[in-house]
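Written below as structure tokens is the structure these notes are about.
The values are calculated or read from the model by the stated rules, or taken from the named source; none is laboratory data. No experiment lies behind these values; they were computed from the predicted model shown. Here the Cβ positions follow ideal geometry from the backbone for every residue, glycine too, while neighbour counts run over all protein chains shown.
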Amino acid sequence: MGMKLGAVLAGVVLVGAGSLAAHHSVTAEYDPARPITITGTVTRVEWTNPHSRLYVDVRQPDGSVVNWNLELTARSALVRQGWTGRTVKAGDVVTIEGIGARTNVAGANARSVTLADGRKVLSGINEEP
């Protein structure tokens, strides 16, 4: 019986270690030295794990539109903060504050979302830079 328990515990440790290794640091993908503030129209909301996402169309000075990919925290963390499927939806105008991607893409880790009515909701800061 002791051998079986040891094998089970070893399996749990290995599975847990794999999960930890798969998770990334926010600052590995996003640059704290690149703060961003954007305002635009939500085109899509993804309630997924390990990170939820907002996609927001942002009009540029030249009139073109860029669709930003904004990483939030996990769905479960957003729910604990009071988010529902109606907190942010396609068509809403939002202002996002966060840190920009390290690569030259329209992406960021969102730190806060301000709704059109002025309410600021957290996105669930994953870690401090």
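Figures for the structure shown
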{"quantity": "Top-ranked residue in segment 35-55 [being touching a Ser or Thr at 6+ places or on another chain (Cβ under 9 Å) and among the polar types (S, T, N, Q); ranked as farthest from Glu97 (Cα to Cα)]", "calculated": "Asn49"}
{"quantity": "Any chance Val26 is surrounded by 15 or more Cβ atoms within 10 Å (Cβ to Cβ) and modelled with pLDDT of 95 or more", "calculated": "no"}
{"quantity": "Residue tally, condition surrounded by fewer than 18 Cβ atoms within 10 Å (Cβ to Cβ) and in a strand (DSSP E or B), over segment 89-108", "calculated": "3"}
{"quantity": "All positions within segment 47-61 that are among the hydroxyl-bearing types (Ser, Thr, Tyr) and either in a strand (DSSP E or B) or surrounded by 14 or more Cβ atoms within 10 Å (Cβ to Cβ) (or both)", "calculated": "Ser52, Tyr55"}
{"quantity": "Any chance Leu122 is over 14 Å from Glu29 (Cβ atoms), of a type in the set (A, V, I, L, M) and touching a helix residue (DSSP H, G or I) at 6+ places or on another chain (Cβ under 9 Å)", "calculated": "yes"}
{"quantity": "Residue that is nearest to Ile36 (Cα to Cα), among those in segment 59-91 that are at pLDDT 95 or above and touching a Ser or Thr at 6+ places or on another chain (Cβ under 7 Å)", "calculated": "Asn67"}
{"quantity": "Selected residue (criterion: farthest from Ser25 (Cα to Cα)) from residues of segment 62-73 that are in a strand (DSSP E or B) and of a type outside the set (A, V, I, L, M, F, W, C)", "calculated": "Asn67"}
{"quantity": "Residue selected from segment 74-83 under the condition part of a loop (DSSP other than H, G, I, E, B) and within 15 Å of the chain's Cα centre (by Cα), by the criterion surrounded by the fewest Cβ atoms within 10 Å (Cβ to Cβ)", "calculated": "Gln81"}
{"quantity": "Residue that is surrounded by 14 or more Cβ atoms within 10 Å (Cβ to Cβ), of a type in the set (Lys, Arg) and either on the phi < 0 side of the Ramachandran plot or part of a loop (DSSP other than H, G, I, E, B) (or both), where the choices are Arg44, Arg111, Arg86, Arg34", "calculated": "Arg111"}
